[in-house]
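Step one of this worksheet: look at the structure below.
Here, each number is a calculation from the coordinates, and none is a lab measurement. From a predicted model like this one, the values you see are computed outputs, not experimental measurements. As a convention, Cβ positions derive from the backbone with ideal geometry for all residues, glycine included, and neighbour counts pool all protein chains shown.
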Amino acid sequence: QSTKIATDADADAETTEEDTPRPRIFIDGTLGGGGHSSCLLQNLSSMDVLIGCDVDPSALATASTRLEEYLVKTSNNDNDNEEGGDDNATGDNDDAKPIFIPIQSNFRDLEGNLQNLKHPTTGELLLY
């Protein structure tokens with residue numbers, strides 16, 4: 001009589017798409033200079049997402065510069081978001097870091113402005 005011993009490779013083969021954990025989503029509705037977001041991003045896991053929102057384009061630019069290492073380099077912004085998105089997402093983010101997405105929006109308009117926002121690396125809708 002033989003006994004099969006499960007290996008890590010067996011476990012990986014049995015992993016389905018539904019087993020893949022979704023990234024955690026955080027929203028900073030009053031981004032400002034990005035100080036609180038910076039602290040939060042330093043403590044998030046890979047592929048987690050922080051959406052930073054501010055109505056002031058100057059504050060958004062300042063925070064985006066401060067948090068540049070968490071921006072994902074994109075050649076085409078597919079977020080279909082008229083109000084937000086940052087066409088200058090040029091950071092050198094890799095899969096080992098959480099992701100920062102700057103959005104120009106007032107927090108009272110977030111629901112509508114984030115409705116079609118997609119994860120910059122997976123392309124999946126972030127909120128639904």
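Tabulated values for the structure
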{"read-out": "Other-chain or far-sequence residues with amide H under 5 Å of residue 50's (modelled H)", "value": "26, 99, 100, 101"}
{"read-out": "Phi to ³J(HN,Hα) by Karplus 6.51 cos²θ - 1.76 cosθ + 1.60 over segment 47-63, Hz, x for Gly, Pro", "value": "6, 5, 10, 10, 9, x, 10, 7, 6, 7, x, 5, 5, 4, 5, 4, 5"}
{"read-out": "Per-residue ³J(HN,Hα) for segment 113-128, Karplus 6.51 cos²θ - 1.76 cosθ + 1.60, θ = phi - 60°, Hz, x for Gly and Pro", "value": "6, 9, 4, 10, 5, 10, 5, x, 10, 9, x, 7, 4, 7, 10, 7"}
{"read-out": "Cβ-defined net charge surrounding residue 25, 13 Å radius [Lys, Arg +1; Asp, Glu -1]", "value": "0"}
{"read-out": "Net length gained if the chain between residue 46 and residue 73 were fully extended (0.36 nm per residue, minus Cα distance)", "value": "8.2 nm"}
{"read-out": "In Hz, Karplus ³J(HN,Hα) per residue of segment 40-45 (6.51, -1.76, 1.60; θ = phi - 60°; x = Gly, Pro)", "value": "5, 4, 5, 10, 8, 8"}
